[in-house]
Amino acid sequence: MNGPLGLVGSGLPRVVNFLIFVAALYYLLRKPASDFFRQRARAIARELEEARRAREAAARELEQARARAARVDEEVAALRARAEQEAEAEYERLWREAHAEAEKIRALAEREIEMARRAAEMELKAFLVERALARARAVLRQQLTEEDHRRLIAQFIEELAEVPR
C-alpha cells in the first residue's frame, strides 16, 4: 500500500486534492467573496453611522426633554406663585367688599333706628298732646260756665270778621 515514497497510502493525495480544491475555490470565490465582504463592510459602516446619528439625535432629544422638564418645574412654580398671588388678591377684594357691605348695613341700621326714634317721639308727642287736650277739655268742662262759652264764641266770631278775605 505504500508507494515508492510511502506517501500514497498516508493520505497525501487527499491533502493535495484538498489544497487544489481550496485553491480552486479561492480562485473562483475570491472576487465574489471580496465583493460580498466589501459590501457587508460598507453596510456595517452605514449601519454604524446611522446608529451614531440616531444616538446623537436621541442624546439631543434627551437634552431637550431634560430642558423641558426643568422648564416645567419652573412653570409649575410660576403658576403656583401666580395662583397664590391671585388668591391673596381675591381674599383682599372679598374682605374689602364684605367690610363695605357691613358698613352699608350699619349705616342703614343707624338710619332706621333714627327714623324709628323720630317716629316714636312724634307718636309720644301726639299721645301727650291728645292727653293734654283731653285733660284741658275735662278742666274746661268743669270750670267753663255757659256764660264763658257764649263769650268765647262771640270773641271767635269777631276775630273771624277781622280776617281779610
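Some notes on this structure:
- Test for A98: is it touching a helix residue (DSSP H, G or I) at 6+ places or on another chain (Cβ under 9 Å) and without any contact (Cβ under 8 Å) to a residue 60 or more places away in the chain: no
- Restricted to region 119-165, and to residues there that are of a type outside the set (S, T, Y) and assigned to a loop (DSSP other than H, G, I, E, B), the residue that is modelled with the lowest pLDDT is R165.
The values are calculated or read from the model by the stated rules, or taken from the named source; none is laboratory data. From a predicted model like this one, the values you see are computed outputs, not experimental measurements. So basically every Cβ, Gly included, is an ideal-geometry build from the backbone, and we count neighbours across all protein chains shown.
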